[in-house]
């Protein structure tokens with residue numbers, strides 16, 4: 001087996017807690033009764049996919065939602081409902097990233113969007129004032145900036161090509177099965193992070209350091 005040299009992390013559900021039910025509740029309050037049929041951990045319709053691939057701007061996203069709302073709704077209300085999915089960063093998991101870096105190259109691959117990116121960046125700055133989230137990785141790859149998203153093979157291949165790393169030397173950690181399966185099909189070593197499981201325990205269980 002090839003030597004493990006790199007670790008590629010997902011963000012939501014791995015380094016920051018996510019609650020997919022919160023936006024369902026918050027969007028329902030402003031006139032969207034079936035939000036979970038459009039976006040969930042395992043499904044996204046065309047509007048959300050385009051937002052996550054950076055093909056539309058936040059303003060275009062909000063305008064499209066406004067056009068389908070059952071009553072008038074503002075950009076601010078939409079932003080607050082959308083950002084409600086973000087909970088808190090996991091400080092012990094973030095600290096573990098620092099412990100891994102002397103031995104491995106670390107990377108981040110996240111399906112996200114400009115709205116959430118701004119929100120969680122601000123959250124991280126409030127938690128760790130002297131460092132940005134990206135400072136904990138050799139490089140971060142966000143779907144809306146690279147124009148590709150998991151589980152599409154092109155997203156993983158982009159990371160491999162851009163970082164100059166090999167799949168068989170890379171452990172990919174994600175909390176969504178279809179993303180894990182797609183990475184495994186390309187030769188990555190993979191670990192599906194289960195609900196309640198944390199990076200810091202996984203590192204010890206796998207004797208990574």
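The table for this structure:
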quantity	calculated
Length-normalised contact order of the range 21-83 in % [C-alpha pairs under 8 Å, at least 6 apart]	37
DSSP-defined antiparallel bridges as percent of all bridges, the range 1-146, nearest 5	25
Contact order relative to length of the range 65-209, as percent, for alpha carbon pairs under 8 angstrom and 6 or more apart	20
Cα coordinate range in the range 104-209, projected on the principal axes (Å, largest first)	37, 34, 26
Packing-based exposure ordering (other Cβ within 10 Å, fewest first) of 68, 110	68, 110
Exposure proxy ranking, count of Cβ atoms within 10 Å, fewest first, for 42, 191	42, 191
Estimated Rh, the chain: Kirkwood, alpha-carbon pairs, angstrom	17.8
Shape box of the range 21-83 [Cα atoms, principal axes, largest first, Å]	27, 24, 18
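None of the figures in this text is laboratory data; all of them are computed from the coordinates on show. Predicted, not measured: the structure shown is a model, and the values here were computed from it. So basically every Cβ, Gly included, is an ideal-geometry build from the backbone, and we count neighbours across all protein chains shown.
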